[in-house]
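The values are calculated or read from the model by the stated rules, or taken from the named source; none is laboratory data. Values in this document were obtained by computation on a predicted structure and should not be read as measured data. Cβ: placed from backbone, ideal geometry, glycine included. Neighbour counts: every protein chain shown.
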Amino acid sequence: MQTHKQLFSKLKISTLLDLALLTPTSYTDNNLSSSLTLGQRNIFQAKVTSLNSYNAKLMVKFYLPKFNQTIQGIFFRVSPYHYQSFSVGKEMVIEGKLELYRDNYQIGQPKVVKNIGLIVPKYKSVLKQDDIKKLILTYLSMQSLLDTGLSLEEAEVLMALHFPKDMNQIYHNGSLLAKNIQVLKIVEAFNHLKKLSNKRIDYQAQKALCGNISEFVEGLPFLLTLEQKSTIKSIQSDLAQKERASKRMVVGDVGSGKTMVILASMMMAYPSKAILMAPTSLLALQLYEEACKYLPSFMNIALVMQNKEEGEYLSADFIIGTHSLLYKDNLPTAPLVMVDEQHRFGTTQRQLLESLARDAEGKHAHFIQFSATPIPRTQAMMNSALLDVSLITKTPFEKKISTKVIKKPDFPKLLEHIKVEIAKNHQVLIVYPLVEASDSIEYQSLSESREFWEKRFEKTFVTHGKDKNKEKVLIEFRERGDILLATTVVEVGISLPRLTLIVIVGAERLGLATLHQLRGRVGRLGLESWCYLFTHNESNKRLDAFTQTTNGFDIASLDLKFRDGGDILDGTVQSGTKFKWLDMGQDEEIVAKAQQRVESLPKS
């Protein structure tokens, strides 16, 4: 016999609310019927009045005292059990679908009901019905639910779902009551946030960082946005603590100015050291160039990459690099560690990064990660139970990007538009779904298309994910190219100031978040720009919806609407968290209430 612990393990649940949220998928109502209802399951108090065998069938007549009515039961698969169970004069409660046959009421294969007057829940589960019901009976009670932090109303709703006394408590016209759905949503959000908050582990910081950022901010040739200022203020508050090392994720839309937040954080660390790790050499180089451009001249900045180093990193105030940083034996300890696009690093690299953030005494560096992949606000609230989250939803200037779905007949006009943009010394990016041809995809590949473009445009560059020289190609294109043919290798990070037109081939094959990242490559400096979504689809609601907004956070909600979304927790994309009741795209208010409740719980 399996223990309760083994049963919980099979169900993959770890809390009482996990169990409570395993709600029944249907119910069997064993209350006596109040009327004779044709075509439906009926339950009657009955007395056997006669038995007859006919053509291997057994005909049983039942008298229904409540209705003063006789009905006939017919059995097609007869055994000695039937003669014993339905002997003349025997009284019982029977159930079955009531039909009318030659003006007589009839039930085919009637069954004897034992749990009379009860509503029996049925569960869809890896466990047997008896096992899951045993767990529900053992652990679910009003008091146990109230002890988890639920309100009286929420506990009552869950108890009614598992131990119903009246079907009107559960359904209305065959659908779950709206009140029940609302309770299930908030309980699901509350349970998830509680579990995350229990996973959060805080460490003592190496030191408090209170560097002055005034000279840096005042020296910028532009004003910071309100969201940039708010995020910087939150980070200042984080870094000023010595008791707790900061753990914050800054999620910024494409072109929202995350780099300025990175540089301001660096200034807060000064005169102590800070380290920033980027996923690619190109991103590291861009961040290094921006740091050299905007940080005060007295700052000592170093760049560390596999094939290139600038400055002396042992004595530098600010060290920028790729994963090469992780393999430097003599890398100095820094009380501030920052990572750009951490989810793009592998598990081994993230573990090495964790060790990089600790000193010899086990104290931790303040840790800030940056992501250019917008998430819905609901998801940001969820994540905040595990780490602090800042959102930068607006760009420093309004982007003028027109997005349009195009098809094969539109290609001549597209070609003319490309020529116009190149004549203005602007650049064009064409993104293909595959490097080589494939029978399973109906679009041309990068290899098949390059000859067409190289014949017509002299400064055409080509790269893709497996190209060992891709970063060199991207840098050369940025400096002197007209057209870049690529795969989604250019999705994140590269800054191409002259890029004004992007064509995404087979756009319907990509998620909306990826499309948004690709579109974010154009119009970086406010130039009027275009994003063309090339598709063979006659119509596509996802793409049509995408053309209506350029806000990444709105698009993240749309992405959830059209497909399952994942969580970005501590830098790791986790697609396994799916909610049965909660709609992460719509239920922001419910998640906010659940978040407030978790924050008000006494700390264990």
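What the table below lists for this structure:
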{"item": "Matching option when the condition is closer than 24 Å to Arg350 by Cα and modelled with pLDDT under 95, among Ala278, Ala269", "result": "Ala278"}
{"item": "Unmet criterion (only one of (1) surrounded by 12 or more Cβ atoms within 10 Å (Cβ to Cβ); (2) under 15 Å from Ala46 (Cα atoms); (3) over 54 Å from the mean Cα position of the chain (by Cα)) for His82", "result": "(2)"}
{"item": "Residues that are touching a strand residue (DSSP E or B) at 6+ places or on another chain (Cβ under 8 Å) and farther than 25 Å from Gln206 by Cα, drawn from segment 289-323", "result": "Cys292, Met305, Glu309, Glu310, Gly311"}
{"item": "Top-ranked residue of segment 388-425 - restricted to ones that are closer than 30 Å to Ser246 by Cα and buried (at least 19 other Cβ atoms within 10 Å of the Cβ), ranked as farthest from the chain's Cα centre (by Cα)", "result": "Thr395"}
{"item": "Hits in segment 48-71 (condition: in contact (Cβ under 8 Å) with a residue 24 or more places away in the chain and surrounded by fewer than 12 Cβ atoms within 10 Å (Cβ to Cβ))", "result": "Ser53"}
{"item": "Residue check for Gln306: at pLDDT below 90, within 35 Å of the chain's Cα centre (by Cα) and within 19 Å of Ala365 (Cα to Cα)", "result": "no"}
{"item": "Elements of type strands (runs of 3 or more DSSP E) contained in segment 426-507, each with 1 or more residues being of a type in the set (A, V, I, L, M) and within 32 Å of the chain's Cα centre (by Cα)", "result": "427-431, 483-486, 499-505"}
{"item": "Output for segment 195-239, where each listed residue is of a type in the set (D, E, K, R), in a helix (DSSP H, G or I) and under 30 Å from the mean Cα position of the chain (by Cα)", "result": "Lys195, Lys199, Glu227, Lys229, Lys233, Asp238"}
{"item": "Candidate set from segment 85-106 (those that are assigned to a loop (DSSP other than H, G, I, E, B) and touching a strand residue (DSSP E or B) at 6+ places or on another chain (Cβ under 7 Å)); member that is nearest to Ser50 (Cα to Cα)", "result": "Val88"}
